[in-house]
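The values are calculated or read from the model by the stated rules, or taken from the named source; none is laboratory data. This is a predicted model, so every value here is computed, not measured. With ideal geometry, Cβ positions are generated from the backbone for all residues, glycine too; neighbour counts draw on all protein chains shown.
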Amino acid sequence: MALAGWPRAVRAQTRAHVVAFWPFAEGDAEGRTLADAFHAALREQVHADQPVDDRWAGADRARTGLLATELVAAQPQVIFAYLSAQLSAVAALTKQIPIVFVGASNPVRFGYVESLQRPGGNITGFTLYEAPLGGKWVAALKEAVPSLRRVTLLSNASTEIRGENLYAEPFRSTAAALGIEPLVLKVETTAEIDPVIADLARQGDGGLIVAPGTFSEANGDRIVALTTSHKIPAVFAIRRFAYRGGLMSYGPDPVETVRRAAAYVGRILRGENPATLPVQAPTKFDFIVNLKTARSMGVDIASALLAQADEIVE
Amino acid sequence: MTAPRPLAPPPGAKPLPRWLRLPLAKKFAVAFVGLVSLVLLINGAVDLTLNYYDAKRTAIETQRTKARAAAERVDAFLSGIESQVGWTTRAEWRRVSPEQQRYDFIRLLRQAPAITEVAYLDPAGKEQLRVSRLEPDAVASGKDFSTSPRFTQALSQKTWFGPVYFRRGSEPYMTVSVAHAGRDPGVTVAEVNLKLIWDVVSAINVGDHGYAFVTTSAGRLIAHPDLSLVLRDTDLSGLPEVAAALPGSHLAGQDYEITTGLGGGWVLAAHATIPRVDWIVFVQESLRDAMGPALESVIQTTSLMGLGVLLAAVAGTFLARRMVVPIRTLEDGAERFGAGDLSERIVIRTGDEIETLAHRFNTMASRVQDSYETLEAKVAERTRDLNQSLDDLQRAQSRLVQSEKLASLGQLTAGIAHEIKNPLNFVNNFASLSHELVDELRDVLEPATLDPNLRAEVEEIAGLLKGNLEKVVQHGKRADSIVKNMLLHSRTGSGEHRPVEVNALVEESLNLAYHGARAAKPGFNVSLVRDYDPGAGIADIYPQEITRVLLNLMSNGFYATEKKIESAEPGYAPTLSVATRDRGDSIEIRVRDNGTGIPESVRAKMFDPFFTTKPAGEGTGLGLSLSHDILVKQHGGTVDVATEPGAFTEFIIVLPRRSATAATPPQPATETESQP
């Protein structure tokens, strides 16, 4: 009995590891920050030498699919997937290995979970954004630049369900209420960004909203650079781009959410069933204004708006 | 004396149950340990109960305090929300600019993270401003809330806490509306994300592993350190501790409960309500932690009890052994006594009842030993007596057999004699007659002249004839005397019995015998020794018969001495001694001669009829037989003979003084005697 059980025990031990699947390139600062936060939180949850494999896929879809196949084949105990693209890649490959995600908006509609309170399968996690934010972003942009007449929502595949952008509906209705012409554009490659911003600049009185997602994570810096050079006011869902030179951002703090997701990973490692761990939504969204960018664009931010800002970058 | 069987139960007794058959030591040990354990157990149980209840009360009190504290903290969270919303409820707030109002709301949202949305309803119940974390701000949307409870209730109660609702079925929310101050007020409505009570609830420490949680009055979970339970839309109304606390429960008055908790296992749960929101705050701690001191006391008491029982067991065993060793000694001693070994004594020096008991045993053993020895002596004596009696009996029996034999022989003899007597008379009479006829024949022939030779011859023949006839007469007489003697056997009853002076009778018989002997044989000489007891006195006997017996015995004695003279050495003095002795109820007569004695072979048969040692013609063989008959049958006495061949013969006769009357004389056929 003992002899027969021994190899299995060894296999179980080697399997008892966690794979974290990131949408960043290896060495990316943001990725590093989040991964460190995740590791630290997981160590608090489980034990100091809990092995965690970080997999860096970047925004490349093919590479993401390849890495997903590879890591599912390695049969880890828990998979941690950051953002929708990573989640959809691994969720398609396994119904057994527990997956804890961060950032998949509306997982019920995407079919990852049965309901928020009882996911019912091998997937659970934390959402980052909610659909009404589409309106919030437009309102913020309008308040910052009252002369705004048209806004483009830069969408990408990871925020779309059956061809419909998650934020499109509140975005359009709010824009309409504010007398702004809304435009939802889906971009697939880095090269497609340039014409969008060039068009906005040519039309004048235009603004840009950068929806969250793997694409935005990867191309945010480029968008920041383009909008700055074209003096296009932009609102980012991802907070760090406000610090990187974007005009504003309104969204949750992913570090906090990653920490909480690590707690879920720890609970699953301790034997809890992901099917019974509810999907949680963020409670706090931070409004960040980059005054330096505002000045360089010649945008005069109203004091009322500044008062709303949780953080101001100078 | 039977062998000891200590283990055999009395027959028919029911065997004892097995547990009652324990050895004494075990019984004692069990009793002792049992008693001590019982006392300890009772003491321990009382102690335990008191301690337990004390500790339980303390624990419950602690838990109750914790529940109140937790309720206060949750209440403080609500009060915080209320007071922060209160920022916007000043009387003059209605009059500040919409920009300022919005600014205030944004500030409110920043300061109160739990509030996700805040709205201002004007005094008419229309929504004038709404600021949300998720949605774009709405200014003067004009939505009518004038009939909604969030407006009406707030106006009437100043502050209204709405029911808990769950956004998307998951996140708990509550509407808090606060009416503004002043006349004709508006209302500030805040949507509060109750997820943030988590910060409060998880900060409440309840022991090491306990925690607090909050439910609605319907049992629905609002706050729990494990947020996922809240988000999972958990209904706890089925949990015993919650069920007991819910309004309408039969245990509504009690604010604590010992039951199985959320995660299973026993918990001590206390609760406190927050009346203004109808929430119930529970604190629960595993019973083990909560009752730690009680448990310690239990362990302490139990271990003390265990120690006590152990000590009792050791002491019990020791005492039982000490008690049982002398009892074993006693048992061994008793077994020895029982087996008949009375030589050893039981030695026990315990100075208690057992020693006394051993002494009693020893005393008993001594007594038994004594009576045992006495008994043996008595048994020996009795055995001797019995043997004596047996010998006597056997002798009497043989005599009886002899008597019967002799009696039957005597009767037979008498019958024969009777038949012979008549022909014998004829022989004798005709022989005498013929003798006389021979004389007559001579007389007849005398005158006749005969040739002298012929005469001589006739004379000679007549003489011969006469001689022959004389011989016939002589022997006929002898035969007659034999027949007479034979007849006497059946006729001894003749004569009268009367009191007779025994010494005189003996003397008379001796003289008769002596003179008779001298008359029969002129040269006969013998010295007579007389030894009469003057106390011999009188006996009631048949004197003729006894005289005949004495004569018979004396003449036998004379005959024996005569016989001895023929072969004896010179200097032999023939002697016949006669003695009488008074034996109380009887008289003893001894007739002793120093003649030839009686050989062993003869002695057995000497009382048989017709047995004689004398030469033919000298004795009839009936003398001793007859004497035996007379003495034994007629007088109920005895006759014994002591003899040594070649030295002496002594007949010892014992006659009862009054036996003759009792004795039945034999019934001979006397009437036939006269028959021809």
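Note on the range A:256-291: residues that are more than 11 Å from every other protein chain (Cβ to nearest Cβ) and in contact with a Gly (Cβ under 8 Å, 6 or more places away or on another chain) total 3. Close Cβ contacts (under 7 Å, 6 or more residues apart or on different chains) running from residues in the range A:163-183 that are among the β-branched types (Val, Ile, Thr) to residues that are in a strand (DSSP E or B) comprise A:180/A:150; A:180/A:151.
For the range A:138-152, filtering for residues that are under 20 Å from the mean Cα position of the chain (by Cα) and more than 9 Å from every other protein chain (Cβ to nearest Cβ) leaves 1. Does residue B:605 satisfy being part of a helix (DSSP H, G or I) and of a type in the set (Lys, Arg)? The answer is no for residue B:605.
Looking at B:104, B:54, just one residue is surrounded by fewer than 19 Cβ atoms within 10 Å (Cβ to Cβ), in a helix (DSSP H, G or I) and of a type outside the set (S, T, N, Q), and that residue is B:54. Taking the criterion of being outside any strand (DSSP E or B), β-branched (Val, Ile, Thr) and within 23 Å of residue B:75 (Cβ to Cβ), would at least one residue in the range B:176-187 satisfy it? Within the range B:176-187, none of the residues are outside any strand (DSSP E or B), β-branched (Val, Ile, Thr) and within 23 Å of residue B:75 (Cβ to Cβ). Within the range B:151-173, if we keep just the residues that are surrounded by 16 or more Cβ atoms within 10 Å (Cβ to Cβ), more than 14 Å from every other protein chain (Cβ to nearest Cβ) and closer than 16 Å to residue B:75 by Cα, the residue that is farthest from the chain's Cα centre (by Cα) turns out to be B:159. So is residue B:187 in contact with a helix residue (DSSP H, G or I) (Cβ under 7 Å, 6 or more places away or on another chain), within 14 Å of another protein chain (Cβ to nearest Cβ) and at pLDDT 90 or above or not? No: the conditions fail for residue B:187.
For (1) in contact with a Ser or Thr (Cβ under 9 Å, 6 or more places away or on another chain); (2) more than 14 Å from chain A (Cβ to nearest Cβ); (3) not aliphatic (A, V, I, L, M), each residue gets a yes or a no:
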position	(1), (2), (3)
B:198	no, no, yes
B:207	yes, yes, yes
B:211	yes, yes, yes
B:246	yes, yes, no
B:257	no, yes, yes
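The numbered conditions (1) touching a helix residue (DSSP H, G or I) at 6+ places or on another chain (Cβ under 9 Å); (2) under 23 Å from residue B:629 (Cα atoms); (3) not assigned by TED's automatic domain parsing to the domain that holds residue B:592; (4) not charged (D, E, K, R) are all true for residue B:500 except (3). Only a single criterion out of (1) closer than 23 Å to residue B:658 by Cα; (2) surrounded by 14 or more Cβ atoms within 10 Å (Cβ to Cβ) is not satisfied by residue B:584, namely (2).
Per the listing B:558, B:524, the residue uniquely outside any helix (DSSP H, G or I) and free of Cβ contacts under 8 Å to residues at least 60 places away in the same chain is B:524. Pull up the range B:112-135, narrow it to residues that are at the interface with chain A (Cβ under 8 Å from one of its Cβ atoms) and over 21 Å from residue B:77 (Cα atoms), then point me to the one that is surrounded by the most Cβ atoms within 10 Å (Cβ to Cβ). If we take residues in the range B:112-135 being at the interface with chain A (Cβ under 8 Å from one of its Cβ atoms) and over 21 Å from residue B:77 (Cα atoms), then B:135 is surrounded by the most Cβ atoms within 10 Å (Cβ to Cβ). Of all residues in the range A:153-175, those that are buried (at least 18 other Cβ atoms within 10 Å of the Cβ), away from chain B (no Cβ under 11 Å), in a helix (DSSP H, G or I) and aliphatic (A, V, I, L, M) total 1.
Applying the condition of being in a helix (DSSP H, G or I) and within 14 Å of another protein chain (Cβ to nearest Cβ) to the range A:83-122 and asking which residue is modelled with the lowest pLDDT yields A:109. Pairs linking a residue in the range B:370-387 that is closer than 19 Å to residue B:342 by Cβ to a residue that is surrounded by 10 or more Cβ atoms within 10 Å (Cβ to Cβ), with Cβ atoms under 8 Å and 6 or more positions apart or on different chains, are B:372/B:342.
Could you check the range A:212-250 and list, in sequence order, the residues that are buried (at least 21 other Cβ atoms within 10 Å of the Cβ), small (Gly, Ala, Ser), in a loop (DSSP other than H, G, I, E, B) and more than 13 Å from the chain's Cα centre (by Cα)? Once the filter is applied, which keeps residues that are buried (at least 21 other Cβ atoms within 10 Å of the Cβ), small (Gly, Ala, Ser), in a loop (DSSP other than H, G, I, E, B) and more than 13 Å from the chain's Cα centre (by Cα), the range A:212-250 yields only A:246. On inspection, residue B:296 passes the criterion of being over 30 Å from residue A:119 (Cβ atoms) and either over 52 Å from the mean Cα position of the chain (by Cα) or of a type in the set (Lys, Arg) (or both). The number of residues in the range B:142-172 being without any contact (Cβ under 8 Å) to a residue 40 or more places away in the chain and of a type in the set (Phe, Trp, Tyr) comes to 3. Among the candidates A:300, A:221, the residue that is away from chain B (no Cβ under 12 Å), on the phi < 0 side of the Ramachandran plot and in contact with a Lys or Arg (Cβ under 7 Å, 6 or more places away or on another chain) is uniquely A:221. Restricting attention to the range B:424-446, the residues that are outside any helix (DSSP H, G or I) and of a type in the set (A, V, I, L, M, F, W, C) total 0. Checked against the criterion of being surrounded by fewer than 17 Cβ atoms within 10 Å (Cβ to Cβ), away from every other protein chain (no Cβ under 14 Å), part of a helix (DSSP H, G or I) and in contact (Cβ under 8 Å) with a residue 12 or more places away in the chain, the candidates A:198, A:191 yield just one match: A:198.
Output yes when any residue across the range B:430-439 is at pLDDT below 85, among the acidic types (Asp, Glu) and in the same structural domain as residue B:468 (by TED's automatic domain parsing), and no when none is.
Within the range B:430-439, not a single residue is at pLDDT below 85, among the acidic types (Asp, Glu) and in the same structural domain as residue B:468 (by TED's automatic domain parsing).
Tallying residues that are closer than 26 Å to residue A:217 by Cα and either aromatic (Phe, Trp, Tyr) or exposed (fewer than 14 other Cβ atoms within 10 Å of the Cβ) (or both) within the range A:36-50 yields 3. For residue B:102, state whether it is basic (Lys, Arg), free of Cβ contacts under 8 Å to residues at least 24 places away in the same chain and within 11 Å of another protein chain (Cβ to nearest Cβ). Considered against the rule, which asks whether it is basic (Lys, Arg), free of Cβ contacts under 8 Å to residues at least 24 places away in the same chain and within 11 Å of another protein chain (Cβ to nearest Cβ), residue B:102 comes out as no. Is one or more of the residues making up the range B:593-610 surrounded by 22 or more Cβ atoms within 10 Å (Cβ to Cβ), modelled with pLDDT of 85 or more, closer than 28 Å to residue B:534 by Cα and not acidic (Asp, Glu)? Scanning the range B:593-610, I find at least one residue that is surrounded by 22 or more Cβ atoms within 10 Å (Cβ to Cβ), modelled with pLDDT of 85 or more, closer than 28 Å to residue B:534 by Cα and not acidic (Asp, Glu), so the answer is yes.
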